[in-house]
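Colleague: After the structure tokens below, expect a handful of questions from me.
All of the numbers you see were taken from the coordinates with simple rules; none came from a lab. The structure presented is a predicted model; accordingly, all values stated were derived computationally and were not measured. Quick reminder, even Gly has a Cβ in these numbers, built from the backbone with ideal geometry, and neighbours come from all protein chains shown.
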Amino acid sequence: MARTRREVLHWPAVIRELTVAEVIDVTPTLRRIILTGDELREFAVEGGTAAPYQSEGFDDSVKVLVPFANDERPPLPVQGPDRLEWGAAGGRPIAKDYTPREFTGDSLALEFVRHGHGFASGWVEHVQTGSLTWIVGPTRSSLWPTNINAAMMFADETALPAIARLLAQWPSDREVPTTIIVDVPSEASILDMPIPDGVAVKWVHGREAWVAASRDVPWPMGDVFTWIAGEAGAVRAIRQFVTSERGVPRDLLDATGYWRA
């Protein structure tokens, strides 16, 4: 059995120096940061040319490189035409993965949950327009699977950018009944998103409610693509249930712990 039914595309590893153009509070707990810069396009590096930014999967990730406390810049990897040399600038930077929410060609939008946890939380709270920011990736994109009968998706707020991107880019000819259960802290954190025909979104509040909803939701027949992302402990509980009780095979399951409580 193949590891996944999702076609995987690979991109060169490129570090890009970008500028914060705008900071937007989408909800009380979700902050959007718009990045711009010439390095979103093809640009010259020592020994060749770095590829332009590319991202084809709804759940792709970029590494955001965050300065250490009291530093203006993180130690940056050295860019070659097709690879990065990490640690060449006096240590490895703090680099955390985030989903690229939207790319227009001239700007890249990232969204961050303001939960006060993690290395980047302080940066997210205090970032200002005009600040420099460095990203690496995506280095791979996993496409929506083909030959499935339905999709079941479970996301907490940290995975909401991926869900929002998926729905915003939903093709008009995609006829796959899809149920999405999203955990956010309160009604104030519910995100206004386009809901395509055939897609149902249910909002719950709290880890226990999220895990319970995954067990209570009616399960469709046939080959069901199952996608789970959020707090690692809850993701593990949902994954165990859908594999043991719903019989989801490995090649139709994507489960990722985005953070730990």
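Colleague: Could you size up the charge dipole of the stretch 145-259 around its Cα centre, putting +1 on the beta carbon of Lys and Arg and -1 on that of Asp and Glu, and report it in debye to the nearest 20?
Modeller: 280
Colleague: Oh, and also: Let me check against my output: what whole-number percent is the relative contact order of the stretch 35-107, with C-alpha pairs under 8 Å and at least 6 apart?
Modeller: 34
Colleague: Compute the relative contact order of the chain as a whole-number percentage, counting only Cα pairs closer than 8 Å that sit 6 or more residues apart in sequence.
Modeller: 21
Colleague: In debye, nearest 20, what is the charge dipole magnitude of the chain about its Cα centre with +1 on Lys and Arg Cβ and -1 on Asp and Glu Cβ, if you could check?
Modeller: My answer is approximately 740 debye.
Colleague: Say each of GLN169 and GLU42 gets a label point 7 Å from the Cα, pointing the same way as Cα to Cβ; how far apart are those two points in nm?
Modeller: Distance between the two pseudo-spin positions: 2.2 nm.
Colleague: On to the next question. Normalised by the residues of the stretch 145-259, what does the relative contact order come to in percent, with Cα pairs under 8 Å and at least six apart?
Modeller: 31
Colleague: Which part of the stretch 132-169 falls in the paramagnetic zone of GLU56, meaning amide N under 19 Å from the point 7 Å along Cα-to-beta-carbon?
Modeller: 137-148, 165-169
Colleague: Rounded, prolate or oblate: which one fits the stretch 145-259, using the alpha carbon gyration tensor with axes a ≥ b ≥ c (rounded when a/c is under 1.5, else prolate when a/b beats b/c, else oblate)?
Modeller: Cα axes put the stretch 145-259 in the oblate bin.
Colleague: Of HIS205, ASN147, VAL248, whose Cα points farthest to the positive end of the dipole of the stretch 145-259 (charges on the beta-carbon: +1 Lys, Arg; -1 Asp, Glu; origin at the Cα centre)?
Modeller: Value: VAL248.
Colleague: Write down the percent of antiparallel bridges among all DSSP beta bridges whose residues are both part of the chain, to the nearest 5.
Modeller: For the chain, the DSSP antiparallel bridge percentage is about 60.
Colleague: Can you compute the FRET efficiency between ASN147 and ASP71 using 1/(1 + (r/R0)^6), with r the Cβ-Cβ distance and R0 = 30 Å? Round to the nearest 0.05.
Modeller: The calculated FRET efficiency here is 0.05.
Colleague: As a check on your grasp of the helix formula, calculate [θ] at 222 nm for the chain: sum -39500 (n - 2.57) over DSSP H runs of n ≥ 4, divide by the residue count, round to the nearest 500.
Modeller: That comes out to -4000 deg cm²/dmol.
Colleague: Treat each spin label as a single point 7 Å out from the Cα along the C-beta direction, and report the GLU7 to GLU245 distance in nm.
Modeller: 3.6
Colleague: Can you tally the net charge around LYS202? Count Lys and Arg as +1, Asp and Glu as -1, for every other residue whose Cβ sits under 12 Å from the Cβ of LYS202.
Modeller: Summing Lys and Arg as +1 and Asp and Glu as -1 gives -2.
Colleague: For the stretch 1-100, which trypsin sites (Lys or Arg not before Pro) pass both filters: DSSP loop (anything but H, G, I, E, B) and at most 14 other C-beta atoms within 10 Å?
Modeller: Filter output for the stretch 1-100: ARG3, ARG41, ARG83.
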